[in-house]
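Bear in mind these aren't lab numbers, they're just calculated from the coordinates by the rules spelled out. Remember, predicted model here, so these are calculated numbers, not experimental data. All Cβ positions, even for glycine, are placed from backbone atoms using ideal geometry, and neighbour counts span all protein chains on display.
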Amino acid sequence: MGMTSSRAYLVRAFNEWILDNDCTPYIVVNVAMEGVLVPQEYVIDGQIVLNILPASVRHLLMDNEGVSFDARFGGQPQSLYVPIGAVMAIYAKENGQGMVFDSEPDSTEPTGLDGSGGAQTSSLKQAKDKPKRPQLRVVT
């Protein structure tokens, strides 16, 4: 019997774990995948890193199909949608702890940065060493 992809469950679990540890969850998104709706002016090398901290976004919904939320970029409100297969990684901004997923759109097996399976327990140094990206903030 075939099983559904585990990626959505792992993304939600890591998000909860990161929040429970008072850290800021970031997701790395492959914008080349069909259905990705993000502000293109913030895309670098086909990827965008998004802060999904509940205090930084509105209407965050993470289900088996994707991640959606409303956020402000450059002061402009936007609705974002990321199909779950486009989520390449989820990690804590503060320490890089998280998980990197296989980049194959139909693959559901997570891999570490070194190609090994499973969660990356050391820092996601590659993600942390990227240039600073704009951060999402709630403006009231």
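Could you grab the pairs with beta carbons closer than 6 Å, sequence gap of 6+ or different chains, first residue in region 3-32 and in contact (Cβ under 8 Å) with a residue 40 or more places away in the chain and part of a helix (DSSP H, G or I), second one of a type in the set (A, V, I, L, M) and crowded, with 18+ Cβ neighbours inside 10 Å? Close Cβ pairs (under 6 Å, with a partner that is of a type in the set (A, V, I, L, M) and crowded, with 18+ Cβ neighbours inside 10 Å) amount to Arg7/Ile84; Ala8/Ile84; Val11/Val87; Val11/Ile90; Arg12/Met62; Phe14/Ile90; Phe14/Met99; Ile18/Ala92.
Scanning region 51-106 for residues that are surrounded by fewer than 16 Cβ atoms within 10 Å (Cβ to Cβ), touching a residue at least 24 places away in the same chain (Cβ under 8 Å) and touching a Ser or Thr at 6+ places or on another chain (Cβ under 8 Å) yields Asn64, Ser79, Tyr81, Glu94, Asn95. Looking across region 30-46, just one residue is within 14 Å of Pro77 (Cα to Cα), over 13 Å from the mean Cα position of the chain (by Cα) and of a type in the set (A, V, I, L, M), and that is Leu37.
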